[in-house]
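Quick notes on the structure that follows.
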Amino acid sequence: MSRTAPRPLSVAVQALTATIAPASTLARVQGVWERAVGPAVAGSARPAAERDGVLTVICESAVWAQELDLMSSQLIAGLNVALGAQELRALRCRCG
């Protein structure tokens, strides 16, 4: 009787995290955030809350909050594409 090679631990961990990850919109946004908005934005801002399609983002400075506010329609469109659904409708930026 022959055995197959052992599976890498990363395969088991990925399967486990997929089953225990929260199904909230915020959790899904956090999962695609850097890919959807790019490394520069992701390094200076993070999604903190979501309610009724409004995503609250905490920015490292007022300048970043204003910049993201100006880019909000592009960011929302990119996030909705990454999520595969029209879940977000507005962006709210705060300093924190």
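Any read-out appearing in this document is the output of simple, stated calculations on the displayed coordinates, not a laboratory observation. Values in this document were obtained by computation on a predicted structure and should not be read as measured data. Neighbour counts run over all protein chains shown; Cβ positions are idealised from the backbone, glycine included.
The modelled label-to-label distance for the pair Ala15/Ala85, using points 7 Å beyond Cα in the direction of Cβ, is 2.6 nm. The DSSP beta bridges internal to the chain are antiparallel in roughly 50% of cases.
Oblate is the label for the range 27-70, because the ratio a/c of its alpha-carbon gyration tensor axes (a ≥ b ≥ c) is 1.5 or higher and a/b is not greater than b/c. Relative contact order of the range 1-87, taken over Cα pairs closer than 8 Å and 6 or more residues apart, is 25 percent. What's the angle, to the nearest 10 degrees (0 to 90), between helix 25-37's Cα axis and the longest principal axis of the chain? It works out to around 80 degrees.
Run the helix sum for the chain: -39,500 (n - 2.57) per DSSP H stretch of 4+ residues, divided by residue count, reported at 222 nm to the nearest 500 deg cm²/dmol.
Estimated from H runs of four or more residues: -16000 deg cm²/dmol.
Between the listed residues Ala45, Gly96, Gln86, the Cα displaced farthest toward the positive end of the dipole of the chain, a dipole computed from Cβ unit charges relative to the Cα centre, is found at Gln86.
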